[in-house]
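The values are calculated or read from the model by the stated rules, or taken from the named source; none is laboratory data. Just so it is clear, the structure is predicted and the values come from calculations on it, not from any experiment. Here the Cβ positions follow ideal geometry from the backbone for every residue, glycine too, while neighbour counts run over all protein chains shown. Note: accessible area is taken over every heavy atom of the protein model, side chains too, but ligands, DNA and RNA are not part of it. Shrake-Rupley method; radii C 1.70, N 1.55, O 1.52, S 1.80 Å.
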Amino acid sequence: MTNGLDQDISQWKTAKNQAINGELRLEDGIGEALRAACENYRANLAALQKDAQGLAHLGGYGGVPSAEALKNKFQNKAVNGEADDTADSALERLDQHIEIATLMRDTYAAAIGKLRDADEANGARLRKEGGEF
């Protein structure tokens, strides 16, 4: 199922590439504030995603068949999606929002020239630690 989030992801990928190529630039203070806000948002979404994983096994619905069916419906909507659309679960939607927030963060970092600096610092740290790329 294609949704508006897929379009948002595509648009932010384009914006990130524009920022990397120097076509999109921001003042350092504004760009850093936006980057930090996106990182905070991304971290909050990741916490919500962790909480949502706990919805895979619900209890307290009773033993009647209709209650069991309702419980299963809620569990599936939270974790697995509907039978005809596995991408329509709370976890999948949170994944998409996390991807957008990450793209936004990286776009703002690139627009102020920090993405390359961060990548170089991470690469140097990995080389120092003997990590592989």
Problem set entry | First in the range 38-56 and closer than 12 Å to Ile100 by Cα, second anywhere and surrounded by 12 or more Cβ atoms within 10 Å (Cβ to Cβ) and polar (S, T, N, Q), Cβ under 7 Å, 6 or more apart | Arg42/Thr102
Problem set entry | Residues (open to solvent by 30 Å² or more (accessible area, probe 1.4 Å) and either at pLDDT 95 or above or within 14 Å of Asn21 (Cβ to Cβ) (or both)) located in the range 109-118 | Gly113, Arg116
